[in-house]
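Visitor: Below you will find the structure I want to go over with you.
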Amino acid sequence: MAASAGAGGGGGVSIIMPKCSVCDDDYQSHGDKAPDQLRCGHSFCAACVRGLIRHHPYGRRAAKCAICRAATAEVDVRPNHGMREAMASLLAIRMQTVSLPEGTSLTRQEYYGLLGLLGDHSMKLQSIYRASRDGTTYDDLLRCVCDKTGLAFIIRKGEYVFGAFISAGIRLPDDPTDTNRYDCDVWHFSLAGHFAQPTKIEISRLAQYVAVAGREGRVWGAKVWIGGDLWLGDGRGSGRPAADIRSCYQSTDRNEVPEGYVGARNSYGSALLGGSFFFDADEIEVLHVGGQ
Ligand SMILES: [Zn+2]
Ligand SMILES: [Zn+2]
């Protein structure tokens, strides 16, 4: 374990987090990436320790240390409480070093959680659209997003904060009355209200696409459809899109809901991230993550 703090770019302080020496991922204070200790004194993340456990010749299951090869019976593997507490402190310090994008609706904790899901806490995102600031129509959204790619849509409804990442931008069809459907990397996420911590919601390969309406067109009865079943500017079954982009429809198939979900569900077990199928978001924001 080695933690060091050095001067980062721009005068800020960057904290290099202690990593598990087996998988090279940063340690966390709880969960699969929290450190577990073996009898030899070496620690690895809980997931890697599970991977080190083998049937021992004497019939007991034991973990063989990845560094010194000493065996620890499975029953003797313990959470490394001291190191877990130290990680909680380090993570809290690092969260304070992150600078929020100007004008974002996200709290520090939510923004920090999003950076974690994107896999890089040193990234700097830009808030390029907010319905409450820039206007609530599809045209307002298009004007602000322009041709930027790498977009995180943030949707806030009461205590729920969630959204979707799309690697592409909004690619309008040539004919404004038409629809454009295109493949890109798509995943959903929760930042608050559904899990104990910010959580990525992976969606099936088959649903990795986005469909957008031209300025005068529609995608079924909405303006934007993001794979994994998120609809913006949804007309509530009227067949015509809503003028307000904050009119949403969302559901996540129960097979794609990660463990630990405590938010709303329908009778089939699908997760309703906004609390119900149809809802009017309090806020929609788009963050520019950067192109690929
Ligand atoms: Zn590990
Ligand atoms: Zn060891």
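Visitor: Residues of the range 32-50 being more than 8 Å from ligand 1 (Cβ to nearest atom) and farther than 14 Å from Met83 by Cβ, which ones?
Guide: Matches in the range 32-50: Asp32, Arg39, Cys40, Arg50.
Visitor: Considering (1) surrounded by 14 or more Cβ atoms within 10 Å (Cβ to Cβ); (2) more than 16 Å from ligand 1 (Cβ to nearest atom); (3) in a helix (DSSP H, G or I), say which one Gln96 fails and leave the rest.
Guide: (1)
Conditions tested, residue by residue: (1) in contact (Cβ under 8 Å) with a residue 24 or more places away in the chain; (2) over 26 Å from Gly31 (Cβ atoms).
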site	(1), (2)
Tyr209	yes, yes
Gly214	yes, yes
Gly228	yes, no
Ala242	no, yes
Phe277	yes, yes
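Visitor: Now for a different question. Give the range 228-261 a look and list any residue that's within 13 Å of Phe162 (Cβ to Cβ) and either open to solvent by 20 Å² or more (accessible area, probe 1.4 Å) or basic (Lys, Arg) (or both), or say none.
Guide: Asp229, Val257, Pro258, Tyr261
Visitor: Determine, yes or no, whether Glu259 is out of contact with any Lys or Arg (no Cβ under 8 Å at 6 or more places or on another chain) and within 23 Å of Ala168 (Cα to Cα).
Guide: So Glu259 does not fit the description; no.
Visitor: Also, quick follow-up: Limited to the range 57-76, what total is found for residues that are within 13 Å of ligand 1 (Cβ to nearest atom) and in a strand (DSSP E or B)?
Guide: Qualifying residue count for the region: 1.
Visitor: Can you give me the number of residues within the range 191-214 that are modelled with pLDDT of 95 or more and small (Gly, Ala, Ser)?
Guide: 5
Visitor: Among the residues that make up the range 210-227, is at least one of them within 21 Å of the chain's Cα centre (by Cα), assigned by TED's automatic domain parsing to the domain that holds Thr179, buried (at least 22 other Cβ atoms within 10 Å of the Cβ) and part of a loop (DSSP other than H, G, I, E, B)?
Guide: For the range 210-227, residues within 21 Å of the chain's Cα centre (by Cα), assigned by TED's automatic domain parsing to the domain that holds Thr179, buried (at least 22 other Cβ atoms within 10 Å of the Cβ) and part of a loop (DSSP other than H, G, I, E, B): present.
Visitor: Just the residues that are modelled with pLDDT of 95 or more and of a type outside the set (A, V, I, L, M, F, W, C), please, taken from the range 270-292.
Guide: Listed by number, the residues that qualify are Ser270, Gly274, Gly275, Ser276, Asp280, Asp282, Glu283, Glu285, His288.
Visitor: While we're on this one: Take the residues in the range 25-56 that are part of a strand (DSSP E or B) and more than 16 Å from ligand 2 (Cβ to nearest atom); name whichever of them is nearest to Ala71 (Cα to Cα).
Guide: Taking the range 25-56 as the starting set, the residues that turn out to be part of a strand (DSSP E or B) are 26, 35-37, 43-45, 53-55.
Imposing the further condition that a residue be more than 16 Å from ligand 2 (Cβ to nearest atom) reduces the set to 26, 55.
Numbers: Asp26: 24, His55: 11 Å.
Checking each candidate, the answer is His55.
Visitor: Still on this model: Report the residue count in the range 142-151 for those that are in contact with a helix residue (DSSP H, G or I) (Cβ under 8 Å, 6 or more places away or on another chain) and in contact (Cβ under 8 Å) with a residue 60 or more places away in the chain.
Guide: Final tally of qualifying residues: 2.
Visitor: OK, next. Tell me, yes or no, whether the range 229-248 has at least one residue that is assigned by TED's automatic domain parsing to the domain that holds Leu151, among the aliphatic types (A, V, I, L, M), within 18 Å of Glu159 (Cβ to Cβ) and in a loop (DSSP other than H, G, I, E, B).
Guide: The answer is no; no qualifying residue exists.
Visitor: Restricting to helices (runs of 4 or more DSSP H) lying wholly in the range 103-208: which have 3 or more residues that are outside the structural domain of Asp229 (by TED's automatic domain parsing)?
Guide: Output list is empty.
Visitor: While we're looking at this one, here's another question. Condition (residue is of a type outside the set (Gly, Ala, Ser), within 16 Å of ligand 2 (Cβ to nearest atom) and modelled with pLDDT of 95 or more) applied to the range 93-109: is it met by at least one residue?
Guide: The initial filter retains those residues of the range 93-109 that are of a type outside the set (Gly, Ala, Ser), namely 93-98, 100-102, 104, 106-109.
Filter again for within 16 Å of ligand 2 (Cβ to nearest atom), leaving none.
No, because not a single residue in the range 93-109 is of a type outside the set (Gly, Ala, Ser), within 16 Å of ligand 2 (Cβ to nearest atom) and modelled with pLDDT of 95 or more.
The values are calculated or read from the model by the stated rules, or taken from the named source; none is laboratory data. Quick caveat: nothing in here was measured; it's all calculated off a predicted structure. Quick reminder, even Gly has a Cβ in these numbers, built from the backbone with ideal geometry, and neighbours come from all protein chains shown. Just so you know, the surface numbers come from the protein's heavy atoms only, side chains and all, with ligands and any DNA or RNA stripped out. Shrake-Rupley method; radii C 1.70, N 1.55, O 1.52, S 1.80 Å.
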